[in-house]
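Report on one structure; see the data block that follows.
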Amino acid sequence: MKITRITAWPIELSLSEPYTIAYETVTSATNVFVRIETDGRNVGYGCAAPDLEVTGETAKVVVEVLEAMAAPALLGEDPLRTALLLERLRPDLRTRPSAMAAVDMALHDLLGRVCGLPLWRILGGYRDSIETSVTVGILPEADTVARARDWVQRGFRCLKLKGGRDVEDDIARTLKVRERLGDQIEIRFDANQGYTVEEALRFVRETKPAALALLEQPTPKGQPDLLGRVARSAAIPVMADESLMGLRDAFRLARDDLADMVNVKLMKVGGLAEALQINAVARSAGLEVMVGCMDETELAIAAGLHYALARPNVVYADLDGHMALENDPTSGSLVLRDGTLYASEEPGLGLRCSL
């Protein structure tokens, strides 16, 4: 079997409801789809969700990279030699992680289709479902409580509150959510790099009654020592997100004891193959892993889900990036029921249609 054609195209998707985080308000997202065709009947699909702030890419750049670099390197090759092909692409796509992730997904999707098995089984099949958190953006206190209550009424038992703009407001909102929702709901907090060390530690101290599960990326990614200072002093687990962009970052975070947990997003690290290696580093260092996401279609979210289901060390999921996207052409690639995600039993990543 040989690769005969690679096609990449962008689709802009509106959000049913904009949301605000520490450094931006998001109203829409552009995902780039990749289709890898072969001289047989099997086709593989992948998806990139570039974000200039996080991955350093735009949709235009991703399409250009896939057409100019990925396609020439892959045409005529055996698509089942996944490690060889991804290693060949790595030097050129090292600074284009979501483009790399899209190719990685498409190759893994193709592998699953050829085998006739869902990818999570091929990768290890540790569990068949995982609970996901759902995100509440930065809103006024009353709106935060109302939104949180709405998600709980829809079956979610784990919330991730966003903050990082105003520590006093963040403390008040967090305490109010816990007060109104009771102690049966897990609450995580993501500051998106918005705090100083002092602010982060103050936030942890003053939200102690809220019994937070974790604090995600409180300090700027370019100063990892600050993250370590928070992690070593805080009374709750501190998670690295933006500070983790690849395997070397995972090694540094583990070696220097800079975090208690890491958030692995396929779009940041370049796909499933790299994510699996990062998970191995994290496990060897005793760090728990959460699989996260960007504003991604169900196809890309499904790839993160298959990764989470395959490995015992991936104990948390924050895979809600598809929920607000309107007119997602890959809808149906997974099942979400009462806050728990289940992978499709369809081969590969579970896409039920042709793109």
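The values are calculated or read from the model by the stated rules, or taken from the named source; none is laboratory data. Note that the structure is predicted; figures quoted are calculated from it, not measured. All Cβ positions, even for glycine, are placed from backbone atoms using ideal geometry, and neighbour counts span all protein chains on display. Just so you know, the surface numbers come from the protein's heavy atoms only, side chains and all, with ligands and any DNA or RNA stripped out. Shrake-Rupley method; radii C 1.70, N 1.55, O 1.52, S 1.80 Å.
A few comments on the model shown:
- Accessible surface computed residue by residue for the chain, with neighbouring protein chains in place and a 1.4 Å probe, gives 39 Å² per residue.
- Over all orientations, region 1-68 has a Cα convex hull whose mean projected area works out to 5.6 square nanometres.
- Per residue, the average separation of C-alpha pairs within less than 8 Å and at least 6 apart gives the chain a relative contact order of 19 percent.
- Förster radius 30 Å - calculated FRET efficiency between Ser331 and Gln184 (Cβ-Cβ, nearest 0.05): 0.50
- If you sort the three axes of the alpha carbon gyration tensor as a ≥ b ≥ c, you get a/c of 1.5 or more for region 108-240 and a/b no higher than b/c, which makes it oblate.
- Angle between the chain longest axis and helix 298-310 axis [Cα atoms, degrees, rounded to 10]: 80
- Radius ratio Rg over Rh of region 263-355, counting only Cα atoms, Kirkwood formula for Rh: 0.97
- With the charge dipole of region 105-257 set up from +1 on Lys and Arg Cβ and -1 on Asp and Glu Cβ about the Cα centre, the Cα lying farthest toward the positive end among the listed residues Ile187, Gly155, Val145 is that of Gly155.
- For region 23-147, taking Cα atoms only, Rg and Dmax work out to 17.9, 58 Å respectively.
- Using only side-chain charges placed at the Cβ, +1 for Lys and Arg and -1 for Asp and Glu, the dipole size of the chain relative to its Cα centre rounds to 780 debye.
- With all protein chains in place and ligands, DNA and RNA left out, the 1.4 Å accessible area ranks Trp120, Trp9, Trp151 as Trp9, Trp151, Trp120, largest first.
- Compactness index (Cα Rg / 2.2 N^0.38 Å), region 201-275: 1.12
- Region 202-332: radius of gyration and largest Cα-Cα distance (Dmax), Å: 15.1, 45
- Between Lys265 and Gly292, the built amide H atoms are under 5 Å apart, and every one of these is 5 or more places off in sequence or on another chain.
- Extension gain, Thr58 back to Glu141 (0.36 nm per residue minus Cα-Cα distance, nm): 26.5 nm
- Nearest-ten-degree value, helix 167-181 long axis tilted from longest Cα axis of the chain: 90
- Amide H contacts of Leu319: Ser133, each under 5 Å away and 5 or more positions distant or on a separate chain (H built 1.01 Å from N in the peptide plane; Pro and chain starts excluded).
- Dipole magnitude for region 89-233: about 320 debye, using +1 per Lys or Arg Cβ and -1 per Asp or Glu Cβ, origin at the Cα centre.
- The chain, accessible surface, carbon-and-sulfur percent (1.4 angstrom probe): 46
- Amide H partners (placed H, <5 Å) of Leu214, local residues excluded: Phe189
- Shape summary of the chain, radius of gyration then Dmax from alpha carbon positions: 19.6, 61 Å.
- Label-point gap, in nm, between Leu75 and Glu168 - each point 7 angstrom along Cα→Cβ: 6.2
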